[in-house]
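First the structure, in the form of structure tokens, and then the observations on it.
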Amino acid sequence: MLKLRKICTIFIIVVAIAYISKTSFNYKRGLILDHLYKQFVISNRANSFSASTILREGNGILFMETTDRMNPPSLVLCSIESAARVYPDRPVVFFMKGLENITTEEDEKRAKQQFPTLSSYSNIYLFPLRMNQLFNNTPLKPWFDKVNPKKEVYWTHVSSDACRFALMWKYGGIYMDADVISLHPIPQDHFLAAESFKDTSSSVFGLSSHYQLAWQFMENFVENYRGEIWGHQGPGVFTRVVKKLCGMPVFNSMDDVMCGNISYFHPQRFYPISHLAWRRYFEVWQNLPTFNESYALHLWNFKNREGISMVPGSNTLVEHLYQKQCPTTYGYILRNEKTHL
């Protein structure tokens, strides 16, 4: 009986040791697997850094450069900086055709160092603009595969028109031309804007990603393509689609109106100075305008064929805008001027 009891005791001890060993092994294995998984996730995140990750919430402010130019003029830098200041909690992304591929956060930081006035803003990001990829799975892809840029009179502008539709379809947010200086936050996420009482603007608009209206813009772009006519593929697309959806909205006051379920902004929101009077931005005003009814200002750079720029000390309206809305850009220009004296 005693012998049997000893055998049972030894058996229980062996089983207990085996169980403890197995439990310890599984625990250690769990720790190892957990560690490897975390390392994989961290590595995968680092390797998948892209515009899609930065803009995944659909609240970005989007700018772009459709030429290979890597030294944008001060107005472009001012526009991007002003947006970063007005929207500090939203990503401001500048897509550049001439930019090299960016696959990690370190790549993006190195790219941004080329632009000293932008590098100090943590909510500004730079990514390459690859049209052949951007247009995939959109109505624009067949058009892009057939079009010959060398034969297009206004290719820079036409490609810009196409890109803004595709960018908005893919990412959503607010699109702005790179000659739009932000003043105040735009209170609506879904909006179009009137450039005049007869035309719809293509310079600023806001939609969610994969919003059906953006798809209609792309279809209209292709179906009515006339690249040789200035503005036909930009404001022309917007105006044609708006007229089809709701007729041309009428403003009876300074209030905005609706086009279906989309806010349609009064021309004062972005165009208090019309394209016919664009030089006013580069003139001295006796009394500076307050622009209280505006969210941003379009400076009509396509009209500025003489290349007139902001000059520190000129006391022009545009200098006052730079000083207030993009002080880093203004300071950089001022320091450079003093260095060259």
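The values are calculated or read from the model by the stated rules, or taken from the named source; none is laboratory data. The structure presented is a predicted model; accordingly, all values stated were derived computationally and were not measured. We place every Cβ from the backbone using ideal geometry, glycine too, and count neighbours over all the protein chains shown. SASA here: full protein model, heavy atoms, side chains in, ligands and nucleic acids out. Shrake-Rupley method; radii C 1.70, N 1.55, O 1.52, S 1.80 Å.
Note on the chain: GNM, Cα springs under 10 Å; of LEU288, LEU299, LEU183, the largest mean-square fluctuation is that of LEU288. When a/c is below 1.5 the answer is rounded, else prolate if a/b is larger than b/c, else oblate, so apply that to segment 187-280 with a ≥ b ≥ c taken from the square roots of the Cα gyration tensor eigenvalues. Cα axes put segment 187-280 in the oblate bin. For the chain, the membrane-span-like helices by this rule, meaning whole DSSP H stretches whose C-alpha atoms cover at least 15 Å of axis and whose Kyte-Doolittle mean is 1.0 or above, are 74-86; this says nothing about an actual membrane. Using a cutoff of 8 angstrom between alpha carbon atoms and counting only pairs six or more residues apart, the relative contact order for segment 53-125 works out to 38 percent. Can you work out the PRE-style zone for ARG280? Point 7 Å along Cα to Cβ, and I want the residues of segment 181-223 with backbone N under 14 Å. Under 14 Å, as judged by backbone N against the label point of ARG280, lie 196 of segment 181-223. Protein heavy-atom surface of segment 178-270, 1.4 angstrom probe: 51% of the accessible area is carbon and sulfur, with nucleic acids and ligands not counted. Every Cα-Cα pair of the chain was included, and the share exceeding 33 Å stands at 37 percent. Classification of segment 271-312 by its C-alpha gyration tensor yields an oblate form. The axis ratio a/c (a ≥ b ≥ c) is 1.5 or more, and b/c is at least a/b. Give me the distance between the Cα centres of segment 123-202 and segment 277-341, rounded to whole Å. Using only Cα atoms to place each centre, the spacing works out to 25 Å. In the structure shown, the pairs LYS97/LYS170; LYS112/LYS170; LYS243/LYS303; LYS97/LYS150 are assessed against 21 Å; a Cα-Cα span above that value is assigned to LYS112/LYS170; LYS243/LYS303.
When the GluC sites (Glu not before Pro) in segment 212-279 are filtered for DSSP coil states and for at most 11 other beta-carbon atoms within 10 Å of their beta-carbon, the remaining sites are GLU228. Each Lys and Arg contributes +1 and each Asp and Glu -1, all at the Cβ; summed about the Cα centre of the chain, the dipole is approximately 1780 debye.
Surface composition of segment 272-332: carbon plus sulfur atoms hold 47% of the accessible area, using a 1.4 angstrom probe and ignoring ligands, DNA and RNA.
The length gained on full extension between ASN136 and SER196, counted as 0.36 nm times the residue separation minus their Cα-Cα distance, comes to 18.3 nm. With every protein chain left in place, what is the accessible area of ASP179 in Å² (1.4 Å probe, nearest 10)? We get 20 Å² for ASP179. Excluding ligands, DNA and RNA, the accessible surface per residue across the chain is 54 Å² with a 1.4 Å probe.
Site-free segments of the chain were taken between trypsin sites (Lys or Arg not before Pro) in DSSP loops having at most 16 other Cβ atoms within 10 Å, sites themselves excluded; the longest one is 227-304. Let me make sure I get this right: for segment 228-311, a, b and c are the square roots of the gyration tensor eigenvalues over alpha carbons, sorted descending. Under 1.5 in a/c it's rounded, otherwise prolate if a/b > b/c, else oblate. Which is it? Oblate. For THR200, the residues 5 or more places off, or on other chains, whose built amide H falls under 5 Å of its own are GLU195, THR239. For the options ALA277, ALA194, ALA178, a Gaussian network treatment of the chain with springs between C-alpha atoms closer than 10 Å singles out ALA277 as fluctuating the most.
Restricting attention to segment 56-202, close to 10% of DSSP beta bridges with both partner residues there are antiparallel. Considering only beta bridges that DSSP places wholly inside the chain, some 45 percent are antiparallel. Note on segment 75-147: with neighbouring protein chains present and a 1.4 Å probe, carbon and sulfur make up 43 percent of its accessible heavy-atom surface.
For the chain, adding -39500 (n - 2.57) for each run of n ≥ 4 DSSP H residues and dividing by the number of residues yields -13500 deg cm²/dmol at 222 nm.
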